[in-house]
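The values are calculated or read from the model by the stated rules, or taken from the named source; none is laboratory data. Nothing here was measured: the structure is a model prediction, and the numbers come from that model. Heads up, the Cβs are rebuilt from the backbone with ideal geometry, glycines too, and the neighbour counts pull from every protein chain shown. SASA here: full protein model, heavy atoms, side chains in, ligands and nucleic acids out. Shrake-Rupley method; radii C 1.70, N 1.55, O 1.52, S 1.80 Å.
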Amino acid sequence: MDVMAVMDGDLARALRKPMEERAWGMVIDVRRCIGCHACTVACKAENKTPPNVSYNVVIEEELGTYPNVSRRFLPRPCMQCAKPPCVSVCPVNATYRRPDSVVVIDYEQCIGCRYCLNACPYGARYFDSGDFYTEGTPRGAPHEEAVTHEVAAQPGDTWRRVVGRESSPVGNARKCHYCLHRVENGALPACVVTCLGRARFFGDLADPESLVARLVAKDGIARLKEELGTEPHTYYLL
Amino acid sequence: MRRRLWIALALGLLFGLGGLAGLIDRFGNGHINANYGSGVPWALWVVFYIYFIGLSAGAFLISSLVYVFGVRRFERVGRLAVFTALICLITALSFIWLDLGHMFRAYRTILNPNFRSPMAWMIWLYSGYFLILLGEGWFLMRRDFAAMRAQGGVRGRLLGVLAFGTRPDTGQGQARDLRVVRVLGTIGVPLAVAFHGGVGALFAVLASRPYWNTGLFPVMFLISALASGGALLTAITQLLFNRDGSFDDEVRSLGRLVLLLLFVDVIMEIAEILISLYPSSPAHRAPFEEQMFGPYWWTFWILGLGMALVGPSIGLFVARRSPRWIGLLSLVAVIGFVGVRWNIVLPGYANELIPGLNMAYAETKLSLAYSPANMEWLVVSGAIGAALVFFVAGAWLFPLLGREQGKKVEDTLSTAGLADLAVKEVE
C-alpha cells in the first residue's frame, strides 16, 4: 500500500482516540530527501508565513572535494520536544505542550519577548516583526492578508495579518505546529503531503501499529542534539 | 541650577529630540524597521537594557553601603545613589518594554507569571525593587521636602505635595526615618543581588547557546554591575556636583572602590576568556573569536577592554589622588561598559544552532549578521536623552545632596540621623 494511504489510515485511527492518548510525531528519511524545498514552500503557503518566518527549512550541506562530492539535506520543522526548553522560559505561560505532544503558542497571550527564540536549540522559532512580502508594491497581495487557521490557542482559531495593524500574530513568536488545523481534520501536514521524495512520515507515536512508530524502531533512527535531553518527537532516518 | 546641570539638560534634550523620530517609527511601524528578529532575537535594546539595569543595581548597592552597612564615607552621596538607581531602572525597563512584540501585554508578566521562567522572576523582583527605591528615596528626603515647602516657589510647592503631610522634624523623626530606610535597604540588597544575578541567570540557563550557558555569568553580572554603577556614581558626583572641591574625599573613595571592582571584573573576564578560548570546544571559542576579530572587534578591544576595564584600572591607580581625573576616567568607563554589554548579548549568536541553518532560507532578518538599524539607534538616543532630562529635573527638584541653604550644602540631616542611630545601637 502507498505510504500516504498508510498514514491516512494511521491518522484516522489516532483521531478516534481521546486527544491525550495521541502522541504526534514525524520521521524524516534524509536519504530520500532530494533538497527540492517543496516542504518549505508548502508550509509557507499553508500557514501564510510572512518574511523572516519559515516554520520549515531545508539545511543544505556540501561534502567532499571535486570530483568526489555530494550534497546532504536536513529538513528542519519544529522538533516538538517532549521536554521543550522554549516552554519553561516563557514568562507568561503563552507557550505550552498540548496533551497530544505538540508545542503551541497562544498568540493572544504571547508578549513577544523572544526568550523562547533564544531557548530553542534548533532555531525553530521565529519572530513575526510585521513584514509583508508585497510591502510597498502598488497592489499588495491579498493572499498575505488572507485568513490562516493555525491552531494557536483554541481549535478553530483564525488569524489575519493586516498591513499596518500590529495585532497577533504580528509581534508574536511563531513556530511549526505540525499543521494541527489539518491534522485534526484528518489531513496530513502540508510538508508531508507535498514531499516529492516521500521522505516525510507523520502519525501517532503512541500507536505501535502506526508507520511512524514502526520507523522509530528501526536502525539508523536519530534525533537532533540528543545530548540536550529535549527528547524531540521529530526523528530522522539516516 | 548649576551650569553643569544645564549642560546635562541640553545634552538630554538634544539626544531626546534627536531620538524622537525613532520612537515615532517604533510606535508607528512596530518592529518592521528594526534589524533584530528571527536570526538575532535580542540585540541593541537588550544590550542597553542590561547596561542600565547594571548601572542601577551598582548604584543601589553602593547606597546600601551607607544605609545598610553604615559606611559613613559615602553618606553624602547616598541619596544621589538611590536616585541614580531609580532613573537607571526606569530607563532599563523602557528599553525592554520597547523591545517587546506586544508592549501593552507587559502586565501579563505580573498577572499570569510562569515562575519557571527567569524572566518572570525578573519582573517581580524589579517591581519590588522599584517600590524599595521609591520608599527609600521618600523616607530619606521627606523631612527636607516638608522643610523646603516653606521656601515657596514651584519647587517648594511640588516638594510640599510630595511630602504627603510630613512635618519638618529634627533628631527623633529623622532617626526613625533612617531606620525605615535601613529596613528597606536591607530588603533591597538581596533583591538587587537576586535580580541582577538573575539577569545573568536569564542568559545562563539557555543550554542552546554555549556562550551564555556558564555558571560564571550571574557572578560576572553582579561584579560588573557594581563596577559600572560605581563608576557612574563617581562620574556624576565629580562632574555634576563637585564644583568647589567639597566632594573630593567622596570622589577619591569612590574611585578606589571602582578600581577594586574593575580589578575583580578583569579577573572574571580573563577566566571566562581563557577557558573559552581553549581549543577543545569550537562552540565556546567561536563567540570569542567573533567579538575579538569580527566586524565589531572595536566593541571588545576599544570600548570593553580599553575604555571600561584596563584603561580606567590603570588610570584610576595612577591618578588616584586627582578627583578631576577620577571623574573623567569613571565617565570613560561608564561609556566603555556599553561595549562590555554588547559583548554579553551579541556573541551569543556567533554560532549557528545547526550549521547552515541561517543560510537555509535567505531573508535579511534570518541572517546572523546583525548591525543595528537607524531606528534602533534613534530609540537609544531618545531613551538616554529622556533619562538625562529626568535626572536633571530630579537633581533640580530633590535635595539630593542634603538641604541647600544659600550656597552651602547642609547635610546635617543625614549625619545627625545616622549618628543618632549609631548612638542608639551602642546603647
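For B:Ser127 and B:Ile273, the difference between the fully extended length at 0.36 nm per residue and the C-alpha to C-alpha distance is 49.2 nm. DSSP bridge analysis restricted to the protein assembly as shown gives an antiparallel fraction near 85%, rounded to the nearest 5. With viscosity set to 1.306 mPa s at 10 °C, what whole-number translational diffusion coefficient in µm²/s follows for the protein assembly as shown from Stokes-Einstein and a Kirkwood radius over Cα pairs? Diffusion coefficient, whole number: 58 µm²/s. Distance from the C-alpha centroid of segment A:177-238 to that of segment A:1-53: 7 Å, rounded to the whole angstrom. Less than 5 angstrom separates the built amide H of A:Thr95 from those of A:Asp106, all sequence-distant by 5 or more or on a different chain.
Applying 1/(1 + (r/R0)^6) with R0 = 30 Å to the Cβ-Cβ distance of B:Ser280 and B:Ile302 gives a FRET efficiency near 0.50.
Here B:Ile110 and A:Arg98 are evaluated by their C-beta separation; at R0 = 25 Å the FRET efficiency comes out at 0.45. Taking amide H as placed 1.01 Å from N in the peptide plane, B:Tyr211 has no amide H partner under 5 Å among residues 5 or more places away or on another chain.
Qualifying trypsin sites (Lys or Arg not before Pro) in segment A:135-170, where qualification requires a DSSP coil assignment and no more than 16 other C-beta atoms within 10 Å, comprise A:Arg139, A:Arg165. With K and R counted +1 and D and E -1, the other residues having a Cβ less than 11 Å from that of B:Gly165 yield a net charge of +3.
Enumerate the residues in segment B:324-368 having an amide nitrogen under 16 Å from the point lying 7 Å beyond the Cα of A:Val41 toward its Cβ. Counting backbone N atoms under 16 Å from the label point, the list is B:361-362. Between amide H atoms placed 1.01 Å from N, distances below 5 Å from A:Thr134 occur with A:Ala141, all of them 5 or more places distant or on a separate chain.
Its residues counted as N, segment B:1-130 yields a C-alpha radius of gyration over 2.2 N^0.38 Å of 1.26. Taking trypsin sites (Lys or Arg not before Pro) as exposed when their DSSP state is a loop state and no more than 10 other Cβ atoms lie within 10 Å, the longest site-free interval of chain B runs over B:1-320. Here segment A:3-237 is described by how far its Cα atoms reach on the three principal axes: 52, 50, 34 Å, from widest to narrowest. Here the simple spin-label model places points 7 Å from the Cα toward Cβ, and for A:His143 and B:Leu260 these points are separated by 6.7 nm.
Residues in segment B:183-194 carry Karplus couplings, in order, of 5, 4, x, 5, 6, x, 4, x, 4, 5, 4, 5 Hz; the curve used is 6.51 cos²θ - 1.76 cosθ + 1.60 with θ = phi - 60°, and Gly or Pro positions show x. For peptide B:205-215, the mean count of partner chain Cβ atoms within 10 Å of a residue's Cβ comes to 3. Only helices enter this figure: runs of n ≥ 4 DSSP H residues, each worth -39500 (n - 2.57), summed and divided by the residues of the protein assembly as shown, yield -16500 deg cm²/dmol at 222 nm to the nearest 500.
Per-residue mean of foreign Cβ neighbours for A:119-125 is 5 (Cβ atoms of other chains, 10 Å radius).
Go ahead and run the numbers for FRET between B:Ala10 and A:Thr134, Cβ-Cβ distance against an R0 of 56 Å, rounding to 0.05. It comes out at approximately 0.80. Taking every pair of alpha-carbon atoms in chain B, give the share separated by more than 33 Å as a whole percent. That fraction is 35 percent. Accessible area buried by the pairing of B and A, both sides summed with a 1.4 Å probe, works out to roughly 3700 Å². Counting 0.36 nm for each residue step from B:Arg72 to B:Ser322 and taking away their Cα separation leaves a gain of 87.9 nm. Assuming charge only on the beta carbon of Lys and Arg (+1) and of Asp and Glu (-1), the dipole of segment A:3-237 about its Cα centre is about 280 debye to the nearest 20. Using a cut-off of 18 Å between Cα atoms, the listed pairs A:Lys44/A:Lys175; A:Lys17/A:Lys83; A:Lys83/A:Lys218; A:Lys17/A:Lys44 include A:Lys17/A:Lys83; A:Lys83/A:Lys218; A:Lys17/A:Lys44 as exceeding that distance.
Distance between the modelled labels on A:Gln154 and B:Arg179, one decimal in nanometres: 5.6 nm (7 Å Cα→Cβ projection). Between B:Gln172 and B:Ile314, the distance separating the two model label sites (each 7 Å from Cα on the Cα→Cβ line) works out to 5.9 nm. Counting only residues at least eight positions apart within a chain, or on another chain, the aspartates and glutamates with an alpha carbon under 14 Å from that of A:Lys48 are A:Asp128, A:Asp131, A:Glu144, A:Glu145, A:Glu150. Of interest is the spacing of the C-alpha centroids, which for segment B:1-51 and segment B:188-254 amounts to 21 Å.
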